[in-house]
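Before any comments, here is the structure.
Read-outs throughout are calculated quantities, based only on the coordinates presented, and are distinct from any laboratory measurement. Bear in mind that the values here come from a model prediction, so they are computed numbers and not experimental data. Note that we place each Cβ from the backbone using ideal geometry, even for glycine, and neighbour counts take in every protein chain shown.
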Amino acid sequence: MDKSKFAFGKTNYILLAIAAVAIIIGFILMAGPGSTETHFEPEIFSFRRIKLAPTICFLGFISMIVAIMYRPKDKK
């Protein structure tokens, strides 16, 4: 197959997969029990759900942009 028909190279796809995994991990870390009308769950304000998970998601989205923009140097 002609490699020039692909939009990205192998490195781009690997970086995209790593970024997607980081985003998924961030959303999994955000998940957890929620509060109801009768019961307040203080876990919704934990460090993991308020700071860590959104930071991981943000870094995943930034690395997704980097993976799309990455252009390998041509070998001559």
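Picking from residues in segment 13-50 that are closer than 30 Å to Val66 by Cβ and aromatic (Phe, Trp, Tyr), the one that is surrounded by the fewest Cβ atoms within 10 Å (Cβ to Cβ) is Phe47. Close Cβ contacts (under 9 Å, 6 or more residues apart or on different chains) running from residues in segment 50-73 that are among the aromatic types (Phe, Trp, Tyr) to residues that are exposed (fewer than 14 other Cβ atoms within 10 Å of the Cβ) and assigned to a helix (DSSP H, G or I) comprise Tyr70/Thr11. A Cβ distance below 7 Å, combined with a sequence gap of six or more or placement on separate chains, defines the contacts here; from segment 21-47, residues that are farther than 15 Å from Leu59 by Cβ reach residues that are of a type in the set (D, E, K, R) and part of a helix (DSSP H, G or I) in the pairs Gly32/Glu43; Gly32/Arg49; Pro33/Glu43. So Ala7 passes all but one of these: (1) in a loop (DSSP other than H, G, I, E, B); (2) under 11 Å from the mean Cα position of the chain (by Cα); (3) small (Gly, Ala, Ser). Which condition number does it fail? Ala7 satisfies every listed condition except (2).
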